[in-house]
1. Looking at segment 119-136 only, could you name the residues that are outside any helix (DSSP H, G or I) and either farther than 25 Å from PHE167 by Cα or at pLDDT 95 or above (or both)?
2. For segment 137-154, which positions are closer than 21 Å to VAL108 by Cβ and assigned to a strand (DSSP E or B)?
3. So which strands (runs of 3 or more DSSP E) stay within segment 1-118 end to end and still have 1 or more residues that are of a type in the set (Gly, Ala, Ser) and under 26 Å from PRO148 (Cβ atoms)?
4. Within segment 54-82, which residues are out of contact with any strand residue (DSSP E or B) (no Cβ under 8 Å at 6 or more places or on another chain), under 18 Å from HIS115 (Cα atoms) and among the basic types (Lys, Arg)?
5. Where residues in segment 115-135 are open to solvent by 60 Å² or more (accessible area, probe 1.4 Å) and in contact with a helix residue (DSSP H, G or I) (Cβ under 9 Å, 6 or more places away or on another chain), which of them is farthest from ASN185 (Cα to Cα)?
6. Would a scan of segment 69-87 turn up a residue that is in contact (Cβ under 8 Å) with a residue 60 or more places away in the chain and of a type in the set (Ser, Thr, Tyr)?
7. Check ASP92, ASP86, ASP63 and return the single one that is of a type in the set (Asp, Glu) and surrounded by 12 or more Cβ atoms within 10 Å (Cβ to Cβ).
8. Given the conditions (1) open to solvent by less than 40 Å² (accessible area, probe 1.4 Å); (2) more than 20 Å from the chain's Cα centre (by Cα); (3) β-branched (Val, Ile, Thr), which single one is not true for ILE103?
Amino acid sequence: MEEPGISRRPSIYYRPINPNDLDRLEQIHRDIFPIKYEYEFFQTVVNGVGIVSWAAVDRSRPDGYSDELIGFVTAKFVLAKDSEIDDLICYDSSQGEETLIYILTLGVVETYRNHGIAMSLISEVIRYASGLSLCRGVYLHVIAYNKPAIRLYNRLMFRCVRRLNGFYLIKRQHFDAFLFVYFVNGYRSPCSPLEVAIFVVNYMKNGIKSVASKLTRKEEKGLKWLVCKDTDCVLPTQTKPNLGSSSGY
């Protein structure tokens, strides 16, 4: 039997993932991610063992489907001092053990994409992290070619702080990843090396344009300039089995 299609006005509701979602959660992961997740991963998610999660369901679907997953996000707690961005955290031992939330997987079934569900799921994670006084931020990896995910995290004001060459190995091919961070509870970190590099490049390009503009105004005959087009930093999207976050939406 085929699943019913999406209604014109879906009524999306967000709730924790529970054991009844196991089969559906596995199915969606198989359908949208290029890597295989172990059965143990799904068990920890549905039972909430060290993992927090949110499910998206469409209550406007007919009975039997109204509580079925059409999207999800899974995440786990990481001690800030043990994370990949520990160098960006200024520790205050008097405050206690500082933590981060690392997004493991994020996905929305194809027929429900472009309805803001992925953005809402990530917003749920940010809201949750913001309510934890010792949490310093939310972070994740994104594989470099996942442009929709990159645009999503940029809209949500995540910062790309690092590029990781060959981070993912998928079907014997390596892919770069970008590390995105969203700091919470008023926390701010120093500029990352990637951000510093972007600033320097843009500063140099603006300086070159300024010089070229002045010389052009002098109308020097026979002088030709090669004008370089502006290029933006391309921010990517993730994925190592159980190690990197995955995005499908």
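The values are calculated or read from the model by the stated rules, or taken from the named source; none is laboratory data. The model shown is predicted, which means the values in this text are computed figures rather than measured ones. As a convention, Cβ positions derive from the backbone with ideal geometry for all residues, glycine included, and neighbour counts pool all protein chains shown. When the accessible area is computed, the model is the full protein with side chains, heavy atoms only, and any ligands, DNA or RNA have been set aside. Shrake-Rupley method; radii C 1.70, N 1.55, O 1.52, S 1.80 Å.
1. Selection gives GLY131, LEU132, SER133, LEU134, CYS135.
2. VAL138, TYR139, LEU140, HIS141, VAL142, ILE143
3. 51-58, 69-79, 99-108
4. Matches in segment 54-82: ARG61 only.
5. Among those that are open to solvent by 60 Å² or more (accessible area, probe 1.4 Å) and in contact with a helix residue (DSSP H, G or I) (Cβ under 9 Å, 6 or more places away or on another chain), it is MET119.
6. no
7. Matching residue, one of ASP92, ASP86, ASP63: ASP86.
8. Of (1) open to solvent by less than 40 Å² (accessible area, probe 1.4 Å); (2) more than 20 Å from the chain's Cα centre (by Cα); (3) β-branched (Val, Ile, Thr), only one is false for ILE103: (2).
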